[in-house]
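Heads up: the structure comes next, in structure tokens.
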Amino acid sequence: MHLTASPDVAPAPEITFDDFLKVDIRVGTVLEAAPLEGARKPALRLVIDFGPGVGTKKSSAQITAHYRPDGLIGRQVAAVVNFPPRQIGKFMSEVLTLGFADTDGAIVLFSPDKPVPNGARLA
């Protein structure tokens, strides 16, 4: 993974289109959001509905600089749904919610600008 907040860093190593197709990015709607207790860095725990194909999944997201839990309910977000679950403190995060770092390094969520069906894949 090529994780950096700096836009000045060169691109990650080249991959094939088949490699890209292995990453399953879907859109879902946030059903629940609350502070994640016990996290080393401030984070929110999200419950996201990805529709019938994927179902409802949990995610830990370090997005507290720009988002309050009550403002996320009903919002559509994008997430990688086929990474293995990851233990975050006492919380099991099942998907990776996607975002980009702003100029201060705080995460801004990546989401569609028009409503799409829950479970829609990146196209």
I'd like to know if the range 16-29 contains one or more residues that are free of Cβ contacts under 8 Å to residues at least 12 places away in the same chain, in contact with an Asp or Glu (Cβ under 8 Å, 6 or more places away or on another chain) and either closer than 26 Å to Ala120 by Cα or open to solvent by 80 Å² or more (accessible area, probe 1.4 Å) (or both). no
Taking the criterion of being open to solvent by less than 30 Å² (accessible area, probe 1.4 Å) and aliphatic (A, V, I, L, M), would at least one residue in the range 50-58 satisfy it? no
Exception for Ala65 within (1) in contact (Cβ under 8 Å) with a residue 40 or more places away in the chain; (2) outside any loop (DSSP other than H, G, I, E, B); (3) farther than 12 Å from Thr29 by Cα falls at (2)
Regarding the range 88-101, can at least one residue be identified that is at pLDDT 95 or above, more than 13 Å from Gln62 (Cα to Cα) and small (Gly, Ala, Ser)? no
Residue in the range 47-56 that is nearest to Gly119 (Cα to Cα), counting only those that are touching a residue at least 12 places away in the same chain (Cβ under 8 Å) and out of contact with any Pro (no Cβ under 9 Å at 6 or more places or on another chain): Phe50
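The values are calculated or read from the model by the stated rules, or taken from the named source; none is laboratory data. Quantities reported herein were computed from a predicted structural model and do not represent experimental measurements. Counting neighbours? That spans all protein chains shown, and the Cβs are built from the backbone with ideal geometry, glycine included. Only protein heavy atoms, including side chains, enter the accessible area calculation; ligands, DNA and RNA are left aside. Shrake-Rupley method; radii C 1.70, N 1.55, O 1.52, S 1.80 Å.
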